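Peer 1: Encoded as structure tokens, here's the structure I'll be asking about.
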Amino acid sequence: MISTEPDSKRFNLPAILAGLGALPFLASSLLLTLGVYNLPLLGSTAEILRSYSLAIAVFMCGVHWGQYLQDTQARNLNLLMVSNVLTVICWLAYLVASFVVYFVIVIAIFLALLWVDYRLHKAGRITARYFKMRLAVTAVVCASLALPLNF
């Protein structure tokens, strides 16, 4: 099993990094909700959120690719195919979909990635602690992506 447990119960690096990784989602979503559509030096707030969501979705697909390569027991989920298909869908949506359609698709992709982690957790391939962290961060990310769709 891939261990995501830290050496110390007080210091959980994956949770810290995941939490920090959720901050750009929260900040961009909040800015869009408040009507801040452009940021100095960075440009369009919507594009910041779109491009960051693409980067993180593809990163998470890469995590599953790595799990497939490192853990022969996890191969029954065919993580290589799932991660590749989700990556291509996300990239194509980024290229051709409207703002609203892209965010609906990327939310679905984040939920699909969480479902894969749920299956890995049930199969004993990832820890309960890691899955709970993924569940919490995915909830924050999906809510952050959905919030600007209402404005």
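The values are calculated or read from the model by the stated rules, or taken from the named source; none is laboratory data. No experiment lies behind these values; they were computed from the predicted model shown. All Cβ positions, glycine included, derive from the backbone under ideal geometry; neighbour counts span all protein chains shown.
Peer 1: What's the number of the only condition in (1) assigned to a helix (DSSP H, G or I); (2) surrounded by fewer than 20 Cβ atoms within 10 Å (Cβ to Cβ); (3) of a type outside the set (Asp, Glu) that Gln67 fails to meet?
Peer 2: (2)
Peer 1: Write out, first by first residue and then by second, each pair whose Cβ atoms fall under 7 Å of each other, whose residues are 6+ apart or on separate chains, and whose first residue, in the stretch 119-142, is part of a helix (DSSP H, G or I) while the second is of a type in the set (D, E, K, R).
Peer 2: As it stands, the answer is Arg129/Glu5; Phe131/Asp117; Arg134/Asp117, since those pairs meet every condition given.
Peer 1: Does Leu31 qualify as being part of a helix (DSSP H, G or I), free of Cβ contacts under 8 Å to residues at least 24 places away in the same chain and within 13 Å of Ser144 (Cα to Cα)?
Peer 2: Yes, satisfied.
Peer 1: Looking at Leu114, Leu49, Leu39, Leu149 in this structure, which one is surrounded by fewer than 17 Cβ atoms within 10 Å (Cβ to Cβ) and touching a residue at least 12 places away in the same chain (Cβ under 8 Å)?
Peer 2: Residue meeting the stated conditions: Leu149.
Peer 1: For Ala57, state whether it is small (Gly, Ala, Ser), under 15 Å from the mean Cα position of the chain (by Cα) and either surrounded by fewer than 17 Cβ atoms within 10 Å (Cβ to Cβ) or closer than 21 Å to Leu20 by Cβ (or both).
Peer 2: yes
Peer 1: Does the stretch 116-132 contain any residue that is at pLDDT 95 or above and under 27 Å from Gly35 (Cβ atoms)?
Peer 2: Checked against the condition, which is being at pLDDT 95 or above and under 27 Å from Gly35 (Cβ atoms), the stretch 116-132 yields no hits at all.
Peer 1: Then there is this: If I ask for residues that are surrounded by 13 or more Cβ atoms within 10 Å (Cβ to Cβ) and assigned to a helix (DSSP H, G or I), which ones from the stretch 89-98 would you list?
Peer 2: Ile89, Cys90, Trp91, Ala93, Tyr94
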